[in-house]
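Notes follow once the structure below has been shown.
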């Protein structure tokens with residue numbers, strides 16, 4: 001499976017939101033950003049701002065940071081800065097979706 005569209009359709013089906021591709025594209029954009037950058041100073045700033053006003057969100061942010069670090073460490077090698085980069089990241093995203101969402105689900 002090398003076609004970007006085919007990969008993202010498979011991801012949308014796993015996520016249970018096919019044919020609403022915009023949801024999958026949004027998550028793919030988030031995933032690719034985390035793969036490339038991991039947890040950033042911008043994420044730190046959002047976390048600190050949120051925690052100033054919502055003390056109960058501390059565990060949420062700790063969990064987010066751990067998830068970003070896990071994704072970045074595991075799939076960062078998919079980012080190659082080459083003409084195949086988008087396909088490589090989409091394949092990594094498919095693997096992520098298979099693990100996160102399990103079996104294919106066609107329900108929206």
On Cα atoms only, tilt of 58-75 relative to the major axis of the chain in degrees: 40
Spin-label zone in segment 7-43 - amide nitrogen under 19 Å from a point set 7 Å from the Cα of residue 76 along the C-beta vector: 30-43
In degrees, nearest ten, helix 41-53 long axis to first principal axis of the chain (Cα): 50
Between helix 21-37 and the chain: long-axis angle, C-alpha atoms, 0 to 90°, nearest 10: 60
Exposure proxy ranking, count of Cβ atoms within 10 Å, fewest first, for 39, 30: 30, 39
Exposure proxy ranking, count of Cβ atoms within 10 Å, fewest first, for 11, 81: 81, 11
Cα point-scatterer Debye curve for the chain, base-10 log of I(q)/I(0) at q = 0.15, 0.20, 0.21 Å⁻¹: -0.70, -1.03, -1.08
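Show that you can apply the helix-only estimate: for the chain, add -39,500 (n - 2.57) for every DSSP H stretch of four or more residues, divide by all residues, and state [θ] at 222 nm to the nearest 500.
Helices in the chain give a 222 nm mean residue ellipticity of -23500 deg cm²/dmol.
None of the figures in this text is laboratory data; all of them are computed from the coordinates on show. Just so we're clear, the structure is a prediction, and the values are computed from it rather than from any experiment. Cβ atoms come from the backbone with ideal geometry, glycine included; neighbour counts cover every protein chain shown.
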